[in-house]
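Report on the following structure.
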Amino acid sequence: MTPETPFAESARGEPLSAVLAARIRAGGPIPFAEFMRECLYHPEHGYYSRRAALRREDYYTSVDVHAIFGRLIARQLAEMWEQLGSPQPFLVVESGAGVGRLAVNILDFTARELPAFYAATEYIAVEHSAKRRAEQKAALASHIAEGRFSNFAEIPADISNGCIFSNELLDALPTHRVLIDDRQLREVYVGFEGGRFIDVLRDPSTPAIEQYFRDQGIALPEGQQAEACLDACRWIENAGRAIGRGFVMTIDYGHEAHALYDERHNRGTLLAYRHHKVTENVLDAPGAQDLTSHVNFTALQLWGCRTGLQRTGLVTQSQFLVALGRANEFADLYEPGQSEVERLRARLLLKNLIHPEGLGEKFQVLIQHKGIENPRLTGLSGY
């Protein structure tokens, strides 16, 4: 269960704390998924309503390390386009695009190095926050002028040919927390008592939670804590329905179900990040810390199948990037005219993306396809 930290010490001055406390006092405990949704996505006080610079004080992502990450994704997207027969237009839909930093890296590189693919591409950044969509337009003004970039709050409903992809999105979707107590599956709600947020065990808020585990053949043992991210299931179903021909690519921290729900994760995988420190105190400081849980790649494949998506392959991010970079001996790592010192620094940054102790082995890349037979992708060549 969640470690208890005094509300007065952990959340002083956080306006969202007062909002949530008032809601709980008025209506009773709320499912943790609802608490997490407000903590991350409240339009005024949520964590992701903060400036991107402030969030980088708490963690960094692969996009922050080096532009090579976006450049190699661009290579993979171009190959997908070719395997579909080079259609025009080819929609590249980034779900959870933030302020557009990855989009900039992909489109700048594509315009310079892959002009035929660039001419066919319509890059659509999907982002709920109007403020961040405005920042995207400022950062990608040159590509807007070329007719290559636009943004929306939701994934387009009809993508005839294209790829929907996400990078570190699904681990931050609101998730339900459960615990096996006296051989019964109980859901963890959030209450407010004695000036602090606390865990409260209740019957599941929806039968879909128990169905989630049944559909995957998962039987949790006594005392096991776990997460069930129903929002991720809905996300992959929406993506699968939207795609006519093409791919869905998910890059995130997680495991398949047999590993996600094993004895190593008997306390679940939910964590909070603040000032580059990690903690299990997920009820602390609502809106002021990031909350994540590991992605269940088995669930993505199962729910994706229900809308016609087939598994293309699942590899580590390291395997994915190395396979793509090896094709031209990582020439995409360097900028024109770089000094040897700058090139050395670039190589050191690359190691953090692909080294077993860095980001590369912590993240997985799942690619699913629809409307194309037996695609062979370079990024999955180690699969």
Just the residues that are among the β-branched types (Val, Ile, Thr) and at pLDDT 95 or above, please, taken from region 346-378. Val365, Ile367, Ile372, Thr378
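What are the residues in region 155-192 that are open to solvent by less than 10 Å² (accessible area, probe 1.4 Å) and of a type outside the set (Gly, Ala, Ser), if any?
Scanning region 155-192 gives Ile159, Cys163, Ile164, Phe165, Leu170, Pro174, Thr175, Val178, Glu187, Val188, Val190.
Is it the case that region 315-335 has a residue that's among the aromatic types (Phe, Trp, Tyr) and more than 30 Å from Glu237 (Cβ to Cβ)?
Here is the first cut: in region 315-335, the ones among the aromatic types (Phe, Trp, Tyr) are 320, 330, 334.
Next cut, more than 30 Å from Glu237 (Cβ to Cβ) only: 330, 334.
Yes; the residues of region 315-335 include at least one that is among the aromatic types (Phe, Trp, Tyr) and more than 30 Å from Glu237 (Cβ to Cβ).
Does Leu230 satisfy being among the hydrophobic types (A, V, I, L, M, F, W, C) and open to solvent by less than 40 Å² (accessible area, probe 1.4 Å)? Break it down into steps so the answer makes sense when it comes.
Numbers: among the hydrophobic types (A, V, I, L, M, F, W, C): yes; open to solvent by less than 40 Å² (accessible area, probe 1.4 Å): yes.
The answer is yes for Leu230.
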Could you check region 128-201 for strands (runs of 3 or more DSSP E) lying wholly inside it with 3 or more residues that are farther than 20 Å from Asp231 by Cα and in contact (Cβ under 8 Å) with a residue 12 or more places away in the chain? 149-152, 159-167
If you take the residues in region 90-108 that are more than 19 Å from the chain's Cα centre (by Cα) and crowded, with 21+ Cβ neighbours inside 10 Å, which one is farthest from Pro156 (Cα to Cα)? Leu107
Failed item in (1) crowded, with 20+ Cβ neighbours inside 10 Å; (2) under 20 Å from the mean Cα position of the chain (by Cα); (3) not β-branched (Val, Ile, Thr), with Gln224 passing the rest: (2)
Condition first: touching an Asp or Glu at 6+ places or on another chain (Cβ under 7 Å), surrounded by 14 or more Cβ atoms within 10 Å (Cβ to Cβ) and under 24 Å from Pro286 (Cβ atoms). Can you find one or more residues in region 118-131 that meet it? no
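Considering Arg241, Arg264, Arg234, Arg214, which residue is modelled with pLDDT under 95, out of contact with any Leu (no Cβ under 7 Å at 6 or more places or on another chain) and not in a strand (DSSP E or B)?
Exactly one residue qualifies, and that residue is Arg264.
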Residue identified as more than 16 Å from Glu168 (Cα to Cα) and either under 15 Å from the mean Cα position of the chain (by Cα) or not charged (D, E, K, R) (or both) among Leu260, Leu291: Leu260
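Select from region 81-108 the residues that are in contact with a Gly (Cβ under 7 Å, 6 or more places away or on another chain) and assigned to a helix (DSSP H, G or I) and list them in ascending order. Lay out the reasoning, then the answer.
Initial filter on region 81-108 (in contact with a Gly (Cβ under 7 Å, 6 or more places away or on another chain)): 84, 90-93, 102, 105-106.
Passing the criteria: Leu102, Asn105, Ile106.
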Is it true that some residue in region 43-58 is surrounded by 21 or more Cβ atoms within 10 Å (Cβ to Cβ) and at pLDDT 90 or above? yes
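Out of the helices (runs of 4 or more DSSP H) lying entirely within region 282-359, which hold 2 or more residues that are open to solvent by 20 Å² or more (accessible area, probe 1.4 Å), more than 20 Å from Met249 (Cβ to Cβ) and free of Cβ contacts under 8 Å to residues at least 60 places away in the same chain? Walk me through it before giving the result.
Values: elements: 297-305, 317-326, 340-354.
Once the helices (runs of 4 or more DSSP H) in region 282-359 are filtered for at least 2 residues that are open to solvent by 20 Å² or more (accessible area, probe 1.4 Å), more than 20 Å from Met249 (Cβ to Cβ) and free of Cβ contacts under 8 Å to residues at least 60 places away in the same chain, what remains is 340-354.
Do the conditions hold for Ser166, that is, is it over 24 Å from the mean Cα position of the chain (by Cα) and among the polar types (S, T, N, Q)?
Judged against the criteria, Ser166 is not a match.
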Cβ-Cβ under 8 Å pairs, at least 6 apart or on other chains, region 260-280 side open to solvent by 40 Å² or more (accessible area, probe 1.4 Å), far side of a type in the set (Gly, Ala, Ser) and assigned to a loop (DSSP other than H, G, I, E, B): Asn266/Gly223; Leu271/Ser293; Arg274/Ala285; Arg274/Ala288
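Looking at this structure, is Ala67 in contact with a strand residue (DSSP E or B) (Cβ under 7 Å, 6 or more places away or on another chain), open to solvent by less than 40 Å² (accessible area, probe 1.4 Å) and under 26 Å from Gly313 (Cα atoms)?
Numbers: in contact with a strand residue (DSSP E or B) (Cβ under 7 Å, 6 or more places away or on another chain): no; open to solvent by less than 40 Å² (accessible area, probe 1.4 Å): yes; under 26 Å from Gly313 (Cα atoms): yes.
The answer is no for Ala67.
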I'm told Arg177 meets every condition in (1) within 21 Å of Leu300 (Cα to Cα); (2) out of contact with any Phe, Trp or Tyr (no Cβ under 6 Å at 6 or more places or on another chain); (3) among the basic types (Lys, Arg) except one. Can you identify the failing condition by its number? (2)
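The values are calculated or read from the model by the stated rules, or taken from the named source; none is laboratory data. Please read these numbers as outputs of a predicted model, since none were measured by experiment. Heads up, the Cβs are rebuilt from the backbone with ideal geometry, glycines too, and the neighbour counts pull from every protein chain shown. Each accessible area value is taken on the protein alone, full model and side chains, heavy atoms only, with ligands, DNA and RNA left out. Shrake-Rupley method; radii C 1.70, N 1.55, O 1.52, S 1.80 Å.
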